[in-house]
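For reference, the structure is listed below as structure tokens.
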Amino acid sequence: MRRLSGFGMRDLHDAYVIPIDREEALRELLDLAKISRRQITLRGAGQSYGDAAGAPEGWIADLRPMNQILNWDQTTGLLTAQAGVTLATLCRHVLADGFWPAVVSGTSAITLGGALAMNIHGKNAFREGTLGESVTEIVVMGSRGIAKRLTPDDRDFWIWIGGAGQFGAILQATLRMKRLPSAALEVRVFRASSLQEQFEIFERETADQEYCVGWLDGFASGEELGRGLIHSARSSETPSSEAELRRALQPRRSLASKILLPERRWGLGRMLQFPLVRKVIHALKSDVILHDHFRQNCFDFHFLLDALPNWQKVFSPGGLIQFQPFVPWDDALNTFRTLLQDCQDHDFVPSLAVLKKHRASPFALDYAGDSYSLALDFPVQLHRESQLLSFLEGQTERLLMQGSRFYFAKDILLQPQHLGMFLAPSLLHELQDAKSRWDPENLFTSAQAERMGWQAKPNEKGSPTAGTVEPQDRGENV
Amino acid sequence: MKPLRVIIVGGSSGLGAELARQLAARGDEVAILARRADALEAVARFQPDRIRTYPHDVTHTDEAAALFEDICRDLGGLDLLIYAAGIMPQIEPNEFDTEKDQAIFRVNVEGAIAWCNLAATRFQAVGAGTLVGIGSVAGDRGRPGHPAYHASKAALATYLESLRNRLWRSGVRVITIKPGPLDTPMTQHLSMAKMPVAVAAKKIIRGLNRDGEQYLQLSHRLIFAVLRLLPSAIFRRIRR
């Protein structure tokens, strides 16, 4: 038994953690769960912000021990790895040969299985979509314990990726890596004096750059509402020196970060809990640009906050909520303006506000569509916790009504009635059908799935047994 | 403050029942265990949405593990376990009844060990939790009235001290409560001044964030500090 939580440290709970180091171990666990009438929650590195990989008192299948890179072919750029391999390991493995994943998230601590279960996106979401789009094959296991191979030709491939582990476990995946001319990116920095300008720069930069991300000052108000910095980047054509490659492959914490955020005590870092301190930092960030153009290795660019391991602990004991609505392109500017204003009006100023642009991806659970997203980090002050939650619940309802979507890796608020607000009825039916085929006994669950009421469709007698479709016919046995 | 998830073993009457009522009243989720289902239900009626009942005989230690797991699942976790089960049958001055004495040990010691070990295993694994054993000042010295009862409370106190010294690095709190005589069904046959259980429960709840042995009255702490130092030859001459 271990005490767990999501990355946001909000859902502290105890659960039985069972390490899974091979397919057979998962099969045995499934059999035991059936006999004991227990359910299983799949977990990788536990980097989802909320309760997506948690289950109070539940059985947690920890897939991190399945961490082998099974094949790497430089000629094709195809890499096959088990679910427990971290993005950091994967990136280092291919970067040495001049490759990089098509899509990476803001942290390299996640596992491949978790990344595909959530179908992560990165700073190039407007161009490359989600990680799932670079996958050529996955091997999965539903509740019957049979490993199946799925490719993009199988409809279930598009359902499993992004399915939040509700159909079963993704055991391994093959991904197409992209070749890099160097291990560095040429980064351009722009200052936007308003939200309007943020969007103008975004539109311009996303037209020809590979990556683009906006860092907003949540404290700026009035005409400056939404001001901040925008970083856009593209791979450098100038090959990396050995020193640069070495630095990319062996990232080290900077001296400044060691002093400001010593790992165990988080001394000065805790000052970030005070809004005034955050206000000064945002003001400095927005007003003082040291360089408007610089070269940065890809680890430092993509995984900026990994330089401060466990930085979220700065916000303990209340923890952190990340609220990230995905709003259709045309509505985003006005919607985010209202959202930022509402945050200020209610005195809930986010410690971090990150703007990204997305395009639709072909997965069943496409949480983005053609959208902009604004990820707002809210440190939770215990004495205002319930007000913050009710504020965010209100925003969720409002945004859903206006056509926004939400991302399961960040979500802590969605309720059963909300799924139908951003998933078409036919799609909900298809997901339920897939759940009934792959997990007829409802073995796979999570606190998030329970909250959202996501389970296999009961048969006529009311027990959640197999649906009408032949079970697990799709895909090839492994 | 977040509501605590609490198991009270021996929660159908006396101090255990009062603790259940007071914890539930402040919003905690409480599971109470005892042999008599009807008595448990009577306690739960006070706040049925926060008090769950589990009929269980603590002398059936082989049933404890499965029940413990079920209760934790029902509560959604566990923050606090209170072992309040205890018996003190009336013993005549010239009575030496092995069966009675063994029964005392089965409830007061073996049951406590079974439940506290389960909680200790869990709390150590997750690095948090509070374990409370209801001991007694009777465990501080061997007085003539109830030899096995005194010995059982001494055993419980030593066992809890040992757990405390084992678990303190893990962030687990182990508390031994040493009440004096309380006004409970167990002490009905004793004629002496007794503390109302409502007062005792309140003091215990207030002290949940303090580790170690806790007397509920300052006078008891002082008196027993002295009594513990007295040689037996003198102690046996003190009239009680």
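The values are calculated or read from the model by the stated rules, or taken from the named source; none is laboratory data. The structure presented is a predicted model; accordingly, all values stated were derived computationally and were not measured. Positions of Cβ are generated from backbone atoms using ideal geometry, with glycine treated the same way; all protein chains shown enter the neighbour counts. Ligands, DNA and RNA are excluded from the accessible area calculation, which covers all protein heavy atoms including side chains. Shrake-Rupley method; radii C 1.70, N 1.55, O 1.52, S 1.80 Å.
Here are some notes:
- Residue match in segment B:4-22 (condition: farther than 30 Å from A:Arg384 by Cβ, touching a Ser or Thr at 6+ places or on another chain (Cβ under 6 Å) and at pLDDT below 95): yes
- Scanning segment A:41-65 for residues that are of a type in the set (Lys, Arg) and either closer than 14 Å to B:Gly77 by Cβ or touching a Pro at 6+ places or on another chain (Cβ under 9 Å) (or both) returns a single hit, A:Arg64.
- Residue match in segment A:71-78 (condition: part of a strand (DSSP E or B), of a type outside the set (Gly, Ala, Ser) and within 14 Å of chain B (Cβ to nearest Cβ)): no
- Some residue of segment B:149-171 being within 14 Å of chain A (Cβ to nearest Cβ) and either open to solvent by less than 10 Å² (accessible area, probe 1.4 Å) or in contact (Cβ under 8 Å) with a residue 12 or more places away in the chain (or both): yes
- Taken together, the residues in segment A:315-354 that are closer than 25 Å to A:Gln209 by Cα and part of a loop (DSSP other than H, G, I, E, B) amount to 2.
- Filter result for the condition that a residue is assigned by TED's automatic domain parsing to the domain that holds A:Gln172, in contact (Cβ under 8 Å) with a residue 40 or more places away in the chain, touching a Leu at 6+ places or on another chain (Cβ under 7 Å) and in a helix (DSSP H, G or I), over A:Val139, A:Val94: A:Val94
- Sole residue being away from chain A (no Cβ under 14 Å), surrounded by 21 or more Cβ atoms within 10 Å (Cβ to Cβ) and not basic (Lys, Arg), chosen from B:Tyr83, B:Tyr54: B:Tyr83
- When residues of segment A:312-341 are limited to those that are open to solvent by 40 Å² or more (accessible area, probe 1.4 Å) and in contact (Cβ under 8 Å) with a residue 40 or more places away in the chain, the one nearest to A:Leu180 (Cα to Cα): A:Trp329
- Residues of segment B:17-51 satisfying the condition of being within 14 Å of another protein chain (Cβ to nearest Cβ) and under 21 Å from B:Ala112 (Cβ atoms): B:Ala31
- Residues (modelled with pLDDT of 95 or more, hydrophobic (A, V, I, L, M, F, W, C) and outside any helix (DSSP H, G or I)) located in segment A:439-462: A:Leu443, A:Phe444
- Test: residue in segment B:200-217 that is farther than 24 Å from B:Ala103 by Cα, among the β-branched types (Val, Ile, Thr) and open to solvent by less than 20 Å² (accessible area, probe 1.4 Å): yes
To keep it simple, each residue is scored yes or no on (1) more than 30 Å from A:Pro56 (Cα to Cα); (2) touching a Ser or Thr at 6+ places or on another chain (Cβ under 7 Å); (3) modelled with pLDDT of 95 or more.
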{"residue": "B:Met186", "(1), (2), (3)": "yes, no, no"}
{"residue": "B:Met195", "(1), (2), (3)": "yes, no, no"}
{"residue": "B:Asn209", "(1), (2), (3)": "no, no, no"}
{"residue": "B:Tyr215", "(1), (2), (3)": "yes, no, yes"}
{"residue": "B:Leu227", "(1), (2), (3)": "yes, no, no"}
{"residue": "B:Pro231", "(1), (2), (3)": "yes, no, no"}
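- Among the conditions (1) more than 14 Å from chain B (Cβ to nearest Cβ); (2) under 27 Å from A:Leu413 (Cα atoms); (3) surrounded by fewer than 24 Cβ atoms within 10 Å (Cβ to Cβ), the only one that A:Met1 does not satisfy is (1).
- Residue check for B:Asp70: within 14 Å of another protein chain (Cβ to nearest Cβ), without any contact (Cβ under 8 Å) to a residue 24 or more places away in the chain and out of contact with any Gly (no Cβ under 8 Å at 6 or more places or on another chain): yes
- For segment B:121-148, a residue qualifies if it is within 15 Å of the chain's Cα centre (by Cα), surrounded by 22 or more Cβ atoms within 10 Å (Cβ to Cβ) and farther than 21 Å from B:Thr184 by Cβ, and exactly one does: B:Leu131.
- Residue match in segment A:427-438 (condition: assigned to a loop (DSSP other than H, G, I, E, B), open to solvent by 50 Å² or more (accessible area, probe 1.4 Å) and out of contact with any Gly (no Cβ under 8 Å at 6 or more places or on another chain)): no
- Just one of the listed residues (A:Thr80, A:Thr89, A:Thr107, A:Thr111) is of a type in the set (Val, Ile, Thr), open to solvent by less than 10 Å² (accessible area, probe 1.4 Å) and under 23 Å from A:Phe303 (Cα atoms), and it is A:Thr111.
- Taken together, A:Gly114, A:Gly84, A:Gly106 contain a single residue that is in a loop (DSSP other than H, G, I, E, B), within 16 Å of the chain's Cα centre (by Cα) and closer than 30 Å to A:Leu355 by Cβ, which is A:Gly106.
- Restricting segment A:6-22 to residues that are more than 21 Å from A:Met66 (Cα to Cα) and within 14 Å of chain B (Cβ to nearest Cβ), the residue that is most open to solvent (accessible area, probe 1.4 Å): A:Leu12
- In segment A:393-415, the residues that are within 23 Å of A:Gly46 (Cα to Cα) and of a type outside the set (Ser, Thr, Tyr): A:Arg405, A:Phe406, A:Phe408, A:Ala409, A:Lys410, A:Asp411, A:Ile412, A:Leu413, A:Leu414, A:Gln415
- If the condition is being open to solvent by 30 Å² or more (accessible area, probe 1.4 Å) and either touching a strand residue (DSSP E or B) at 6+ places or on another chain (Cβ under 9 Å) or assigned to a strand (DSSP E or B) (or both), then segment B:182-196 contributes B:Asp183, B:Lys194, B:Pro196.
- Residue, surrounded by the most Cβ atoms within 10 Å (Cβ to Cβ), within segment A:23-58, restricted to residues that are more than 22 Å from the chain's Cα centre (by Cα) and assigned to a loop (DSSP other than H, G, I, E, B): A:Gly58
- Residue that is most open to solvent (accessible area, probe 1.4 Å) [pool: residues in segment A:183-216 that are charged (D, E, K, R) and in a strand (DSSP E or B)]: A:Arg191
- Taking the conditions (1) open to solvent by 70 Å² or more (accessible area, probe 1.4 Å); (2) under 20 Å from the mean Cα position of the chain (by Cα); (3) within 14 Å of chain A (Cβ to nearest Cβ) in turn, B:Gln90 satisfies each one other than (3).
- Enumeration of residues in segment A:355-403 that are assigned to a strand (DSSP E or B), touching a Leu at 6+ places or on another chain (Cβ under 7 Å) and open to solvent by less than 20 Å² (accessible area, probe 1.4 Å): A:Leu355, A:Tyr372, A:Leu374, A:Asp377, A:Phe378
- Flag: B:Ala120 does not match the condition of being among the hydrophobic types (A, V, I, L, M, F, W, C), under 27 Å from B:Leu208 (Cβ atoms), more than 14 Å from chain A (Cβ to nearest Cβ) and not in a loop (DSSP other than H, G, I, E, B).
- The C-beta contact set for segment B:212-233 (first residue in contact (Cβ under 8 Å) with a residue 12 or more places away in the chain, second residue open to solvent by 50 Å² or more (accessible area, probe 1.4 Å), distance under 6 angstrom, 6+ apart or interchain) comprises B:Tyr215/B:Arg221; B:Leu216/B:Lys203.
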